[in-house]
Amino acid sequence: MLVSNLICKKKLLTIYFKIKKIKNNDMKKICNLLICLFISSIFLVSCNDMLGVDSKRLLTEQEYGHTPNDVLYSTFGVLSQMQKLADSYVLLGELRGDLMNVSETSDLSLREINDFAITPANKYVDIKNYYAVINNCNYILQNLDSTVVVKGEKLQLGQMAAIKSIRAWTYMQIALNFKTAKYYDKAILTVEDSKKSYPELDITALADVLIADLIPIKNVPFQNIGAVGSYSTIYSYFPISFLLGDLYLWKGEYEKAAVEYHDFMLKFGIIIYGGYSSAWIETNKTITNTANLNWLTTFAPFSSEISTTITCPTEYGQKFALDSLNYQHKIVPSTQAISNWDNQTYYLNEASNTQGDLRKYGSISWGLPATAKSGITTTFNTNDVTLNPSIILKYKIYNQNVVIYRNSLLYLRYAEAVNRLNKPALAFAVLKYGLNPTNMSNLKIIPAKENDPAATYMKFNDTKFTYNVGIRMRGLGACDKDTTFYTFHAQNSLRDSVLYVEDLIQKELALETAFEGNRFTDLMRITLRRIKNGEGDASYLADPIAAKHVGNESAIRTLLMNPENWYIKNK
């Protein structure tokens with residue numbers, strides 16, 4: 001189930017499952033309707049080529065969309081379909097990248113994804129699941145009455161924004177994975193509908209359509225029926241400003257992307273909070289062998305740092321493979337992923353530093369009891385810190401949640417955008433220093449030539465950003481004070497400086513967001529940009545991925561040097 005951290009997720013599920021137990025005859029009817037929506041997606045009829053789902057029962061326009069219950073129940077239908085995308089999102093995004101690998105126990109479907117040889121029979125990749133979400137969204141939007149007022153508010157206007165954001169994100173996933181998406185905004189309800197010709201749009205053309213659809217509802221607050229107190233308002237399930245930023249980023253419209261990302265930061269006071277850092281405990285200004293591992297908190301369920309998750313509770317009949325694949329060691333961290341963390345320098349002061357990024361011990365497992373939770377203090381031997389390196393600890397902490405959007409990703413995407421606006425020092429400050437009022441006024445951090453008073457996306461003087469720190473400070477100590485190991489000096493040209501910082505951003509994405517489902521498309525986006533600008537070729541993506549295919553590096557590199565092979569061909 002897709003929800004935001006500002007929505008009371010547990011209560012939403014509780015509402016549904018309590019309704020199932022009600023004995024009243026009228027409520028039984030409601031229950032039956034909800035079950036149909038939740039399990040069978042009754043909006044859909046035989047669309048065999050595109051969706052592969054059917055139904056003998058349709059709600060008419062007269063029956064649907066005019067009460068708060070209609071809105072709640074129909075949304076469950078969409079959310080249940082979203083659960084089917086969770087495994088696919090992570091596996092396609094990570095196994096095709098350089099940070100996750102298969103093992104001797106991996107099944108054929110996993111190996112196909114890893115080797116870029118996905119067949120139609122692959123159990124983790126089914127394009128019909130994506131279109132099922134879209135068709136459900138289209139049906140709701142077609143019949144939703146956004147003029148209905150409940151308790152003085154146009155409740156269904158907010159629901160429309162939420163559903164449109166889900167649809168936009170799903171369309172984006174199709175284009176990124178399958179190269180093009182068949183675009184339609186009316187529900188396919190008959191065989192004849194399914195046989196019509198629909199435009200096939202790549203990510204650039206699709207972004208134009210989605211942006212035009214989202215902008216008018218950008219500031220529509222979402223009112224959730226099951227929410228309480230201050231958790232009653234959010235700018236949609238997928239924050240629309242975040243989505244717009246991503247779409248602009250893929251289009252190469254970097255200023256618009258930066259503005260959208262910053263708008264979201266400012267509206268909700270989103271920061272990289274130093275209190276959620278993992279740090280070695282010091283004694284007499286010297287690093288000890290005891291650490292506070294608070295970084296784990298940032299991607300735990302219901303964390304205030306999470307904007308969007310897909311939640312997949314298996315106890316109610318939904319399938320979720322990520323847990324079992326992880327515990328059975330069928331998906332494992334690559335040696336490159338581990339080396340990335342090991343080769344960083346943790347900085348305490350000039351006299352005391354050590355090798356290794358503490359974010360490693362929230363990403364993969366280490367020698368701690370299985371019941372260990374975030375925010376703990378532990379002592380361990382730095383020479384033997386991993387007990388089960390093949391376990392991806394993030395997935396255990398997720399607790400059957402797949403995190404889609406969180407604060408760190410937002411800031412890293414922002415850094416990517418402003419760097420391409422020829423502000424590499426500003427982008428570097430996101431990584432090392434943090435964008436707060438003090439640092440923004442420090443000319444050694446943000447030089448005068450990059451300080452543009454007219455740029456709204458550079459305004460971090462609000463007190464909301466006072467405690468904003470650099471992302472690297474989450475696992476590498478007081479790196480903002482480091483003048484030796486992690487520095488940025490202007491290169492021979494501004495273009496070289498931008499490329500240099502973009503490399504750092506790409507590497508930071510690997511350290512901070514490993515295994516979260518973004519890696520392959522992050523590499524793809526940067527590589528396509530460099531190819532388009534004449535700044536490099538496909539080797540930027542091909543080389544790191546080929547390196548994990550020990551014994552088959554040459555064949556994989558040759559395959560990936562052709563961008564056409566980055567996409568799934570068997571639709």
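The values are calculated or read from the model by the stated rules, or taken from the named source; none is laboratory data. It should be emphasised that the depicted structure is a prediction, and the values quoted were computed from it without experimental measurement. Here the Cβ positions follow ideal geometry from the backbone for every residue, glycine too, while neighbour counts run over all protein chains shown. Please note that ligands, DNA and RNA were not included when accessible areas were found on the heavy atoms of the full protein model with its side chains. Shrake-Rupley method; radii C 1.70, N 1.55, O 1.52, S 1.80 Å.
Structure above, values below:
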quantity	calculated
Percentage relative contact order, the stretch 478-569, counting C-alpha pairs under 8 Å, at least six apart	14 percent
Separation of the LYS186 and ASP503 label points, Cα + 7 Å toward Cβ, nm	5.3 nm
Listed pairs LYS432/LYS548; LYS464/LYS507; LYS256/LYS423; LYS251/LYS423 exceeding 26 Å between Cα atoms	LYS432/LYS548; LYS464/LYS507
Share of pairwise Cα separations in the stretch 80-209, more than 25 Å, in percent	37 percent
Cleavage-rule hits, trypsin sites (Lys or Arg not before Pro), the stretch 298-364, DSSP coil, Cβ neighbours within 10 Å at most 13	LYS319
Rough spin-label spacing in nm, given labels placed 7 Å along Cα→Cβ, for LEU443 and LYS481	2.6 nm
Förster radius 35 Å - calculated FRET efficiency between MET561 and ASN292, Cβ distance, rounded to 0.05	0.20
Two-site label geometry, GLN491 and THR345: point separation in nm, points 7 Å out along Cα→Cβ	2.1 nm
Sequence-separation-based contact order of the stretch 258-346, relative, with Cα cut under 8 Å and 6+ spacing, percent	13 percent
The stretch 87-128, dipole about Cα centre (Lys/Arg Cβ +1, Asp/Glu Cβ -1), debye to the nearest 20	160 debye
Nearest-10 value in Å² for the accessible area of TYR273, using the 1.4 Å probe	100 Å²
Alpha carbon Rg of the stretch 427-498, scaled by the compact-globule rule 2.2 N^0.38 Å	1.13
DSSP-loop trypsin sites (Lys or Arg not before Pro) across the stretch 100-129, with at most 14 other Cβ within 10 angstrom	LYS123
Protection proxy ranking, peptides 404-415, 553-564, average beta carbon neighbours within 10 Å, highest first	404-415, 553-564
Among THR190, THR119, LEU92 - extreme Cα towards positive end, dipole of the stretch 76-221, charges at beta-carbon	THR190
